[in-house]
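Remarks on the structure that follows.
Only the coordinates and a few stated rules stand behind these numbers; no lab work does. Please read all numbers here as calculations on a predicted model, not as lab measurements. Because the Cβ atoms are built from the backbone with ideal geometry, glycine has one as well, and the counts that use them run over all protein chains shown.
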C-alpha cells in the first residue's frame, strides 16, 4: 500500500516550517521484528460475482474452510508472531456465521481489525453490530457511480445498497473507507467518487490498480491504459495535496502498483522541487512492493500466500503447519526471491534507475503475462525515459487472458 497522504502531509509541514520532518518511529525499532499484516479470506462464498474478483467467488458454499476453533488457533499463532493487524475478508465475510465471534476474539487479542466488504448486506441493524464489535476500519467497495458500479459488481441496485451501508456506519461513527479498482470500464467515474467521498465525509479512499488474479486476470485486457492511469494519479495527488495543505484528515492510498512512488517523486520534482531529495530518501526507506514481506494472505481453506493476488501459488497450509513457520521458510523459491534484498528482478524493471523505490513492482502481473515472476511488470506506466532506459527497446505488453498458463521453474535464491 502506498500512503499518498502521509507524504503530502510531510510536504505540507516542510512548506510551513522550512524543514522536512523527521521520519515517524517505525514499529520494529526497539520492539524486535514484527509479523506482516494478514489479509484473511475467512470465507469464499459471496453474494456477488464481481468482474475483478481475485478469488473467483460465487454464491455457494466451498468445502474445507477453517472452522471457528481452527481460526482461533491460527490467531494465537499470529499474535505470538507479532502480527499487528488482521483484515477480515472473503468472498463476503459477513456471510460467515461466526464473523462477529472471530472479530471479538481478534479485538480481545489486541489486533487492529479491519473488515473488507462489498457492503450490500449492511442494513441499520447489521451496521450497529459491526460498530458495537469495535472494528477499527470498514472498507466498502465502490467501483463507480450508479449503473457503472452495478455493472462491475453484476448486481442491479448494488451501488445504492453499498452507499446506504457507508451512511449507516458513518452515522454510528465507525471509520469507513471507499475502495475503487480502476479499469478502462470505470476510469471515468474516479472524479465523481472522490467528490462522493468528500460529500459523505468518508475518511479514506483506496485506489487499487487492477492486478492479474482470478477474474481480474481474465479481464486484464480491459485494464486501464497507461495514460489513463497517469491522469488518475495526477488527480489523486492533487486532491491529497489540497487536503493536506488545508489541514484535512482524509487518507488517500493506492495499491497494486508500486510505480506510484516514483510517480510521486516526479510530481514533487515538478511542484515542490526543493523537497525532492528528502522525498526520494523517504521513498527508498518505504521500499515499494512488500508481498511476502510485510503483507500476507491466508485463504478460506488455510493456504498461505505472499498476498491476496497469489492464490494460484500456495506456500503451505495452517492446518498442517503454523503460519509463523511457513512465513519464514525461504526454501520456497518464490518466498526466497520476494524476501531477497534486492529481489532478483530482471528485464526493464531490473534496469530501472528507481528500482530502490518500487522494488520491482508487482510480481504477479509479470508472472501471469510472461510466466516468469522475475520479468518486468507490464503494469508499470512509467516511460523508458522516466526510468533511465531511453531507447531500450520493446516492452512486455499486457496480452488478453489465455487459459493456457505459461509457467517457468523458479530458481532458488540464496539468503544473505
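Some notes on this structure:
- When each of the peptides 358-371, 315-328 is scored by the mean number of other C-beta atoms lying within 10 Å of its residues, the order from highest to lowest reads 358-371, 315-328.
- Peptides 187-197, 299-309, 124-134 ranked from most to least packed by the mean count of surrounding Cβ atoms within 10 Å: 299-309, 187-197, 124-134.
- Computed FRET value (nearest 0.05) for residue 108 with residue 320, which takes r as the C-beta separation and R₀ as 30 Å: 0.70
- Gyration tensor verdict on the chain (Cα atoms; rounded if a/c is under 1.5, prolate if a/b is larger than b/c, oblate otherwise): rounded
- Contact order, relative form, for the chain: 17 percent (alpha carbon pairs under 8 Å, 6 or more residues apart, mean separation divided by residue count).
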